[in-house]
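Below is one structure; the comments refer to it alone.
The values are calculated or read from the model by the stated rules, or taken from the named source; none is laboratory data. For clarity, every value in this text was computed on a predicted model and none was experimentally measured. Counting neighbours? That spans all protein chains shown, and the Cβs are built from the backbone with ideal geometry, glycine included. Heavy atoms of the whole protein, side chains included, go into the accessibility calculation; ligands, DNA and RNA do not. Shrake-Rupley method; radii C 1.70, N 1.55, O 1.52, S 1.80 Å.
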Amino acid sequence: MPTALPEPPEPRITVYQRWLAERHGLRFERYEDLWRWSVTDLDAFWRSVWDFFAIESPTPPAVALAEARMPGARWFPGTEVNYARQVLRHADAAHAAGHPAIVWADEPLLTAGQVRELGWPELARQVGALAASLKSLGIGRGDRVVALLPNRPETVVAFLAVASVGAIWSVCAPDMGPVAVLDRFRQIEPTLIFAADGYRFGGQAHDRRALGAELLRGLPSLRHVVNVAVLGLAPGEAPAGITRHDFAALTAGDARAEPEWLPFDHPLWVVYSSGTTGLPKPIVHGHGGIVLEALKGGTLHNNLGASVDTGDRFHWYSSTGWIMWNCQVAGLLGGTTVCLYDGSPASCDGTPDWSPLWRFAALARCTFFGAGAAFYASSLKASVAPQRLGDLSTLRAVGSTGSPLAEDAYRWIWRELPQVDGQDIWIACISGGTDFAGAFVAGLPTLPLIAGEMQCRSLGAAVEAWSEPDEHGRGRPLMDEVGELVCTQQMPSMPLYLWGDADGQRLHDSYFDVYPGVWRHGDWIRLVPHEQATGAIIYGRSDATINRHGVRMGTAELYRAVEALPEVLDSLVVDLEYLGRESYMPLFVVLREGVELDEALRKRLVAEIRQALSPRHVPSEILAVPAIPRTLSGKKMELPVKKLLMGADPAKVMNRDAMANAASVDWFVDFAARRQHHD
């Protein structure tokens, strides 16, 4: 097995640009010119991505973009692909060169100073065996298969097997509560569920068999449950009509099923992005679009090569409930070894300790280490010295996303992590979303890096900052000013549709209701012009969804949990994260007459939120208020309250004439003034 890395390889973007020049005679002096071509000649650019990565299809593409409209674009008609096939095509070459498919550890392994490996042949064997087992159970194209699993190799195997047979995958992290999980899975009516008996986090084993049993009772469409033994606990009895299976048995057979050829736009998975009203949005992405976006972002921007060529080992810390888990697994699409850690980033034994991920990165010999911006801020505050925790000499890049990375975090990374070829380590900051499983703005190893700023707009992503819409729904493009992040051209990984949204109205209302025909993402962005490229600074959410530790969540989910308590009449929550400041998420509650918000009630509220949803939903502070501001139509005024608490003029953000209870604003105006005075 190789122990030494080759010299830092040539940047993948340089290889791609040389290929463009040799194959198509296209030469670009600046990245900005390359980007401009990628968003104006969409057919040529996305066809070049297909060809550069040699995507396999029984029928070669005649055209990349057949119908240019948003939403509803048609990409690569007539072609057939399969996510799992694209992964497994790398197995023979990578194995022959001594590279594993997966390097992983959980808290007990890390405490013992160990990592384990899953080789490419064994990955292919398990995926093929599980795919054959799924087929024998009648699982096939279009069936929904869900999972309640932590970040382990079994989860990757299950996902690839589901994709292989053309079924549709959806996963929730096992730390989520029953309300949050059922709100997601009920919408898509799954036939089979993979369920872990529990998980370990922060030195504690969490038995989740009761949650699994609640899901079996709450999902009437289920016919099969596959037990995944993480803690080694005995499974309970399955309800009538549901057959229980064992994951190890389903992957042990000799039968093998090869990945099926599927239409380019065949559904791959359902992921969830929460809005401010109603249930989480079940977003459906297709095999082909995800493969292209993941290869473009992972290889051309994050500079990940096939391990056989570059020795790369890719880690991005994530739970299975965050889109970065999908990004992590997508490293396999390009033949890159992926490194998975299942556990807390802040403790292996219950005592505060921000060293686990750095120790894992050293043991796994990672070349690319990614995490949410909050992790780096926490490492800085805890005075972590990563190079004292293990050998990080293989590290060539650091990735950050989830929220803006503060400038002091850049400086901490440069000070505390090893230099590469005598230069500060490259920091690849990206910003995108679950909604299209990609990045709108990203990094590039060949561009200058400025602390506090993302380096460029992603190839193929026609990102602009727009002003507020005029009477015709059009915004004015802004440069070096803060505006709404919009994408003016379609991308292959944008949603095929939202599950159950037969007429497309919910999809339209989610992304296209402000600027007709233009994707509005819901972030504030400032584009910064430079000689080689246009940089970007993300300032936070421009809508009222909340962003905790990189995971976007809907307020409606939290309201259902909080307002179920008889003491609570009404509630409102906002997230005041802005330009890298630590997230501050206050919860305002209206209580029944005679009820006081004492410590006991606060603890009950926190416990209800934690149990029903997840620890991430727990607010920073809980405050009692006389009333929640509402519009004449009864809607909670989340965004105006958020703007008010961020310093906006009350007269500009609170139209009292359009309110059902104008006097309710007074408390919030006073609270905002007190916060600003304190700051």
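Using the Cβ-Cβ distance between Ser393 and Glu593 with R0 = 60 Å, the FRET efficiency computed as 1/(1 + (r/R0)^6) comes to roughly 0.40. The calculated FRET efficiency for the pair Glu189 and Ala600, based on their C-beta separation and a Förster distance of 25 Å, comes to about 0.05.
For the chain, what does the relative contact order come out to in percent, with C-alpha contacts under 8 Å and a separation of six or more?
On the way: 1475 pairs, mean separation 84.1, N = 679.
Relative CO of the chain lands at 12 percent.
Taking 0.36 nm per residue of separation and subtracting the Cα-Cα distance, full extension of the segment from Ala66 to Ala624 would add 195.4 nm.
Using the Cβ atoms and a cut-off under 12 Å, what net charge is assigned to the surroundings of Val127, where Lys and Arg are +1 and Asp and Glu are -1?
Details: positive: Arg85, Arg125, Arg256; negative: Glu122, Glu154, Glu258.
Surrounding charge for Val127 is 0.
Here the range 492-566 has an Rg and Dmax of 16.6, 60 Å, counting Cα atoms alone. One quarter of the convex hull surface built on the alpha carbon atoms of the range 361-518 amounts to 11.9 nm², the projected area averaged over directions. For log10 I(q)/I(0) by the Debye sum over Cα atoms at q = 0.07 Å⁻¹, computed directly from the structure shown, the correct entry in (i) -0.44; (ii) -0.52; (iii) -0.74 is (i). Magnitude of the charge dipole for the chain, about its Cα centre and with charges confined to Cβ atoms of Lys, Arg (+1) and Asp, Glu (-1), is about 640 debye. At R0 = 51 Å, how high is the FRET efficiency between Asp513 and Asp254 if r is their beta carbon distance? Nearest 0.05 is fine. Result of the calculation: an efficiency of 0.45. Taking 17 Å as the straight-line reach from the Cα of Lys135, the aspartates and glutamates in range (excluding those fewer than 8 positions away in the same chain) are Asp143, Asp246, Asp254, Glu258, Glu260.
Dividing the convex hull volume of the alpha carbon atoms of the range 185-280 by its residue count, what do you get in Å³ per residue?
Working: hull volume 16.6 nm³, N = 96.
Spread over its residues, the Cα hull of the range 185-280 gives 173 Å³ apiece.
Of the Cα atoms belonging to the range 386-474, the radius of gyration and Dmax stand at 16.4, 59 Å. With the helix formula -39500 (n - 2.57) applied to DSSP H stretches of n ≥ 4, the chain reaches a computed 222 nm mean residue ellipticity of -8500 deg cm²/dmol. For the range 55-111, the alpha carbon convex hull comes to 142 Å³ per residue, rounded to a whole number. When a 1.4 Å probe is rolled over the protein heavy atoms, the share of accessible surface on the chain that falls to carbon and sulfur comes to 50 percent. Over 27 Å, how big is the tail of the calculated P(r) for the range 18-160, in percent of all Cα pairs? Here the tail beyond 27 Å accounts for 47 percent of pairs.
Semi-axis lengths, largest first, of the ellipsoid equivalent to the range 313-430 are 19, 17, 15 Å, with √(5λ) applied to each eigenvalue of the Cα gyration tensor. Using the Stokes-Einstein relation with a Kirkwood hydrodynamic radius computed over Cα pairs, the translational diffusion coefficient of the range 224-277 at 25 °C and a viscosity of 0.890 mPa s comes to 160 µm²/s.
A dipole drawn for the chain from +1 and -1 charges on Cβ atoms has a positive end, and of Ala158, Ala624, Ala180 the residue lying farthest that way is Ala158. From zero outward in steps of 5 Å, how is the percent of C-alpha pairs of the range 288-354 spread across the bins? Going from the shortest bin to the longest, the percentages are 4, 17, 23, 21, 14, 9, 6, 4, 1.
Rolling a 1.4 Å probe over the protein heavy atoms gives the chain an accessible area of 38 Å² per residue. Here the label points at Arg27 and Thr59, each 7 Å from Cα along the C-beta direction, are separated by 3.9 nm in the simple model. Quick one: grab the alpha carbon gyration tensor of the range 452-521, order the square roots of its eigenvalues as a ≥ b ≥ c, and give me rounded if a/c is under 1.5, else prolate or oblate depending on whether a/b is larger than b/c. In terms of gyration-tensor shape, oblate. Straight-line reach from Lys643: which lysines have a Cα under 19 Å away, not including same-chain ones fewer than 8 places off? Within reach: Lys635, Lys652.
Would the range 171-213 count as rounded, prolate or oblate if I go by the C-alpha gyration tensor, calling it rounded below 1.5 in a/c and otherwise prolate when a/b exceeds b/c, oblate otherwise? Prolate, since a/c reaches 1.5 and a/b exceeds b/c. Annotation: for a label point projected 7 angstrom from Cα along Cα→Cβ of Ala44, residues of the range 75-112 with backbone N closer than 19 Å are 76. The relative contact order of the range 368-499, computed from alpha carbon pairs under 8 Å that lie at least 6 residues apart in sequence, is 18 percent.
Taking 0.36 nm per intervening residue step and subtracting the Cα-Cα distance, what contour gain separates Glu468 from Glu481 on full extension? Please report the intermediate quantities before stating the final value.
Numbers: separation 13, 0.36 × 13 = 4.68 nm, distance 1.23 nm.
That works out to 3.5 nm of additional length.
Full extension of the chain between Thr351 and Asp51 gives 103.0 nm of extra length, using 0.36 nm per residue less the Cα-Cα distance. In the range 156-197, which residues have a backbone nitrogen under 14 Å from the label point lying 7 Å from Arg116's Cα in the Cα-to-Cβ direction? Only 156-157 pass the distance filter. All C-alpha pair distances within the range 558-650, sorted into 5 Å bins from zero, spread as 3, 13, 23, 25, 19, 13, 5, 1 percent across the bins.
Protection proxy ranking, highest mean first, for peptides 478-491, 159-172, 193-206, 23-36: 159-172, 193-206, 478-491, 23-36, where packing is the per-residue count of other beta-carbon atoms within 10 Å, averaged.
How much of the pair distance distribution for the range 240-306 lies past 20 Å, counting alpha-carbon pairs only, in percent?
On the way: 1393 of 2211 pairs.
Percent of Cα pairs beyond 20 Å in the range 240-306: 63.
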